């Protein structure tokens, strides 16, 4: 299976047209606007077998919120413009809010559960 040279040590003779990325988001943005066919000459065959592993996200618990119809319309329109569903955009906004107010560290799959103190109901 061919892979981009940017994942291997670059040879000094030919510089890759695929940039080095500082973040996954930066790389995703690049590949969203480019086709791998533009860089076919930079791919090299691999001798090793590659195994792809899917990691499933933590199951989400549904929650109902009540919004005015005009708010739902605006949320749906904005979600469509960024390419996600309205409930996904709402979830992203809630997570951003919690992160911005310093409570985002509470949202972690591996975070230990808080112990109840004696006398807590």
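Key figures
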| quantity | calculated |
| --- | --- |
| Nearest-0.05 FRET efficiency for residue 29 and residue 103, computed from C-beta distance (R0 25 Å) | 0.35 |
| Relative packing of 73-82, 57-66, which averages over residues the other C-beta atoms within 10 Å, highest first | 73-82, 57-66 |
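Every number here is computed from the coordinates shown, using simple stated rules; none is lab data. Everything quoted here is computed from the prediction, not taken from an experiment. Note that we place each Cβ from the backbone using ideal geometry, even for glycine, and neighbour counts take in every protein chain shown.
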